[in-house]
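Note sheet for the following structure.
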Amino acid sequence: MITTRAAIVAVLLFGITPFAVPAFAEEAKPADAKKHEPIPDPLKVVTQHRLKAGATDIAYTATAEEIDLRDGEGKQTARFFTISYVKAGVARAEERPVTFVFNGGPGSASIWLHFGLVGPKLIDIPSDASDPGAPPYKLRDNPWSILRATDVVFVDPVGTGFSHALGEKKDEDFWGYDEDADSVAEFIRTFVTMKNRWNSPKYILGESYGGIRGSLLVPRLQQRLNIGLNGVILISPAINMAMLPFDVTGNDLPYVTLLPAQAATAHYHGKLPDGWPSREELLREVETFAGGEYLAALFKGDTIDSAEKRRVAEKLHRYTGLPTEYIVRSDLRIYGERFLKELLRDHGRAIGRLDSRYVQDELDKVAEMPESDPFDAKTGSIYVATFQSYLRNDLKVDLVKRYISSSEKAGKIWKRPEGRNHAFAGYIDVTGSLAQGTKDNEALRVFAASGYHDLATSYFATEYMLRHSGIDPKRLTLKNYEGGHMMYLHQPSLEALSNDIVAFIDGK
């Protein structure tokens with residue numbers, strides 16, 4: 001069996017950020033000096049805009065502002081930077097839904113969903129997974145923005161974006177499963193109080209690690225803060241870490257849940273030895289095999305006889321395109337990190353983990369694993385550059401401090417949940433928090449979206465997690481799309497996903 005490297009875990013948690021964009025800290029100051037510095041007033045900039053969405057012309061107010069959290073004694077503990085978009089001309093704000101949006105990481109800001117799917121502007125990036133090239137990059141209007149159905153609030157957790165700790169607190173104090181969820185829940189409470197939105201329909205929308213954060217928010221909002229939710233929207237979610245292909249030591253389920261996405265990837269790159277009438281027919285067969293014959297074979301471990309092992313390996317060859325002998329030597333376990341290199345090894349190329357449509361040439365053509373991730377390399381810079389330009393030119397926000405799009409430090413020191421820090425704590429699984437929320441609130445619905453070419457939080461893993469969660473299937477919507485972890489970079493998937501989210505919010 002193979003134990004994942006720390007670097008792999010850092011990439012997953014996810015924002016996974018999916019992007020390894022370096023986070024540069026501001027010049028350190030002595031702790032005592034920082035503690036006694038006066039805290040400047042929070043920033044707030046309001047601008048007016050219009051968006052053409054199909055036949056609808058939406059006037060909206062964009063507010064870029066800092067919102068402070070306070071402890072029970074009234075002391076400032078953290079300052080969240082947020083951008084909200086609110087439809088203008090609404091007579092009764094409480095009748096208009098509001099959706100709180102965040103990415104993952106942990107340690108990721110919300111710019112990926114902001115400019116990829118949800119907000120009124122989109123990055124102009126090739127839909128076919130080709131290289132977008134060098135600056136200058138462009139933004140364009142997003143007629144598929146969910147602003148059609150809901151006001152939107154983008155959340156940058158503490159230590160990401162411009163959000164940071166205040167007073168005696170440090171950013172690290174907020175870096176943990178419970179600490180992060182507590183602070184984001186308090187931000188939402190503060191926001192709905194300041195903006196008089198307590199009685200509005202409320203949704204939370206999280207991507208990747210945002211699935212864990214979103215699930216942990218449900219009991220905090222509904223039980224602790226009495227903030228009822230109408231829906232939880234999950235994009236490529238991490239919920240149960242035992243299902244995901246990172247720490248696979250002694251755990252066969254990640255091999256099972258990842259296999260259909262590997263088959264979809266091999267089909268996309270034309271590496272399957274047999275012709276298939278359609279990808280859908282391929283995946284139906286692979287899903288049945290994965291949950292049946294394949295799982296049973298792995299369960300036998302070292303007791304499997306050589307004839308059965310060969311039969312299973314030949315089927316895996318048919319579904320993935322990898323050589324049968326390689327699969328036999330791998331004990332039928334196709335490790336996700338190796339697959340990224342192995343699939344196109346004969347072409348000297350590697351594929352992306354978060355979106356396996358992306359490829360690039362490799363310098364070391366015989367290495368076990370890729371040197372870098374093509375998806376990260378080809379999509380990270382365009383987001384950061386366009387956000388900085390948009391912030392100053394469109395929203396009129398002039399902040400000179402560094403915007404932290406992705407903090408690797410946060411992911412490396414993230415604290416485990418309370419009560420799960422002992423020697424036998426095992427994998428993090430928050431499906432219970434999400435499912436219990438649907439029992440406490442019988443109107444709460446859950447929507448989850450996955451991409452066929454996501455080799456981190458695969459579509460089959462998401463289906464497994466949520467179909468074993470105890471959530472009433474009548475209140476659970478599962479959708480799969482062309483593309484990867486950020487399936488919305490594929491234009492047809494963007495349109496379909498956005499329309500599906502709008503329909504979900506509209507209750508259709």
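Values quoted throughout were computed directly from the atomic coordinates according to the rules given, and no laboratory measurement underlies them. All of these numbers come straight from a predicted model, not from anything done at the bench. Glycine also receives a Cβ, built like all others from the backbone with ideal geometry; neighbour counts cover every protein chain displayed.
Listed by chain and number, the lysines whose C-alpha is less than 16 Å from the C-alpha of residue 52, apart from same-chain residues fewer than 8 away, are 87, 121.
As an equivalent ellipsoid, segment 243-376 spans semi-axes of 23, 17, 14 angstrom, where each value is the square root of five times an eigenvalue of the C-alpha gyration tensor, largest first. Once you divide the Cα radius of gyration of segment 391-465 by 2.2 N^0.38 Å, the number left is 1.66. Modelled spin-label separation between residue 288 and residue 346, with each label point placed 7 Å from Cα along the Cα-to-Cβ direction: 2.8 nm. The order of the peptides 292-304, 226-238 by mean Cβ neighbours within 10 Å, most packed first, is 226-238, 292-304. Under 18 Å from the 7 Å Cα→Cβ point of residue 395, by amide nitrogen: which residues of segment 72-91? Of the residues in segment 72-91, 79-88 have backbone N under 18 Å from the label point off residue 395. Every helix of 4 or more DSSP H residues in the chain counts as -39500 (n - 2.57), and over all residues that averages to -9500 deg cm²/dmol at 222 nm. Close amide H partners of residue 58, meaning residues 5 or more places away or on another chain with modelled amide H under 5 Å apart, are 51, 52, 53.
In this structure, residue 56 and residue 365 have a Cβ-Cβ separation that, at R0 = 60 Å, corresponds to a calculated FRET efficiency of about 0.70.
Take the Cβ atoms of residue 49 and residue 478, set R0 to 35 Å, and the FRET efficiency comes out at 0.55. Computed from the C-beta positions of residue 307 and residue 377 and an R0 of 56 Å, the FRET efficiency is 0.80 to the nearest 0.05. A straight Cα-to-Cα reach below 28 Å connects residue 169 with the lysines 29, 34, 35, 44, 75, 195, 401, 409, 412, 415, residues fewer than 8 places away in its own chain not being considered.
Here's the list of aspartates and glutamates a cross-link from residue 508 could span, going by alpha-carbon distance under 14 Å and ignoring same-chain residues fewer than 8 apart: 500. List the relative contact order of segment 278-426 as a percent without decimals, with contacts defined as Cα pairs under 8 Å and 6+ residues apart. Computed value for segment 278-426: 11 percent relative contact order.
If Rh is defined by the Kirkwood formula over all Cα pairs and Rg also comes from Cα, what ratio Rg/Rh do you get for the chain?
0.97
Dipole of the chain computed with +1 at Lys/Arg Cβ and -1 at Asp/Glu Cβ about the Cα centre; of 313, 153, 209, farthest Cα towards the positive end is 153. Sorted ascending by nearby beta carbons within 10 Å, beginning with the fewest, 241, 369, 486 become 369, 241, 486. Take the Cα of residue 388, step 7 Å toward its Cβ, do the same at residue 127, and the gap between the two points is 3.0 nm.
Shape of segment 112-262 from the C-alpha gyration tensor: oblate (a/c of 1.5 or more and a/b not above b/c, with a ≥ b ≥ c the square roots of its eigenvalues). Pull out a ≥ b ≥ c, the square roots of the eigenvalues of the alpha-carbon gyration tensor of segment 343-456, then state rounded if a/c is under 1.5, prolate if not and a/b is larger than b/c, and oblate in the remaining case. Verdict is oblate for segment 343-456.
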